[in-house]
1. Test of the criteria: in segment 150-203, which chymotrypsin sites (Phe, Trp or Tyr not before Pro) are in a DSSP loop and have at most 16 other Cβ atoms within 10 angstrom of their Cβ?
2. Where the only charges are on Cβ atoms (+1 Lys, Arg; -1 Asp, Glu), what is the dipole of segment 4-267 about its Cα centre, to the nearest 20 debye?
3. Provide the solvent-accessible area of Leu241, counting protein heavy atoms only and rolling a 1.4 Å probe, rounded to the nearest 10 Å².
4. When only DSSP loop residues count, what chymotrypsin sites (Phe, Trp or Tyr not before Pro) in segment 26-72 have their Cβ near at most 13 other Cβ atoms within 10 Å?
5. Please work out the average accessible area per residue across segment 4-267, using the 1.4 Å probe convention, and give it in Å².
6. State, to one decimal in nm, how far the label point of Lys118 lies from the label point of Thr239, with both points 7 Å from Cα in the Cβ direction.
7. Could you work out the percent of alpha carbon pairs in the chain separated by over 36 Å, rounded to a whole number?
8. Using only Cα atoms, what is the ratio of the radius of gyration of segment 109-218 to 2.2 N^0.38 Å?
Amino acid sequence: MIKIGKYIEQFINWLTHNFHPFFKTIKSGVETMVDGVLWLFTCMPFYVVIAALALIAWRRAGWGVGLITALGLSLIYGMGYWMPTMETLSLILVSAFIALMIGIPLGIWAARSTMVGKVMRPLLDFMQTMPAFVYLIPAVLFFGLGKVPGVFATIIFAMPPAVRLTTLGISQVPADMVEATRSFGATRRQLLFKVELPLALPTILAGVNQTIMMSLSMVVVSAMIAAGGLGEIVLKGITQLKIGLGFEGGIAVVILAVILDRITQSFGKKKTTR
């Protein structure tokens, strides 16, 4: 019998034992980021935050999305879930930001190197098909319970779309345009920032949208390791068989998902139109 899990467990334990100071530093940094974003949303009155988000939605996606944003967030506040919603939103933004900061450069690297692309593809398949709950195990061993392991698990789960769609966007840039740019003496850096990234931007923004949506789904699952937020409301509804509580938490998650999805989609559509 081949016990792969035994060797994985030994490897995780080795990392936990030998890199404890490294993980402690990362935990401190991520906690600071999450707390900072949460403070930004909670230091202002709820109606100011609702008005600001509704204004952003209206400017980027139209008056309909702006109205939905205002009404949806007002409903969340009326149900009494404003603080959990802000906790979830801060976790999503931090997780998605870190995932994009890692995923987009990896996607560019994979598009420019055939070897890297071949190595990256099975790793991304593994990351996307692995059940989300499995990521919670090493996250807890590395960082303990709380928000940070939730962010860590979310980054791993949400990163593949950013890598894949960045690679796809760069690869779809017309070869004749790349050759023309090189013939005029452009450097690799100029080619990337002035030709490839602008042309691939709609596809990359689709990856940003998918990363944020997957971050939301994983943040809810992370409530199992005390990450808090709306996921904790849904989890209480399940464990305590409180149907109303579970549906209220689910409705708040849906509202937040719709708002984030419409706003991020609007950026890709605007770029495509231009």
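1. Phe184
2. Working: 17 positive and 11 negative charges, 93 e Å.
With Lys and Arg at +1 and Asp and Glu at -1, about 440 debye.
3. Rounded to the nearest 10, that gives 150 Å².
4. Details: sites: Trp39, Phe41, Phe46, Tyr47, Trp58, Trp63; in loops: none.
For chymotrypsin sites (Phe, Trp or Tyr not before Pro) across segment 26-72 that sit outside H, G, I, E and B with at most 13 neighbouring Cβ atoms in 10 Å, the list is empty.
5. Values: 13870 Å² over 264 residues.
So segment 4-267 comes to 53 Å² accessible per residue, rounded to a whole number.
6. 4.8
7. Numbers: 8412 of 37401 pairs.
Cα-Cα pairs in the chain separated by more than 36 Å: 22 percent.
8. Numbers: Rg = 17.1 Å, N = 110, 2.2 N^0.38 = 13.1 Å.
Output field value: 1.31.
The values are calculated or read from the model by the stated rules, or taken from the named source; none is laboratory data. Computed from a predicted model, the values in this text were never measured in an experiment. Using ideal geometry, Cβ is built from the backbone for each residue, glycine included, and neighbour counts are taken over all protein chains shown. When the accessible area is computed, the model is the full protein with side chains, heavy atoms only, and any ligands, DNA or RNA have been set aside. Shrake-Rupley method; radii C 1.70, N 1.55, O 1.52, S 1.80 Å.
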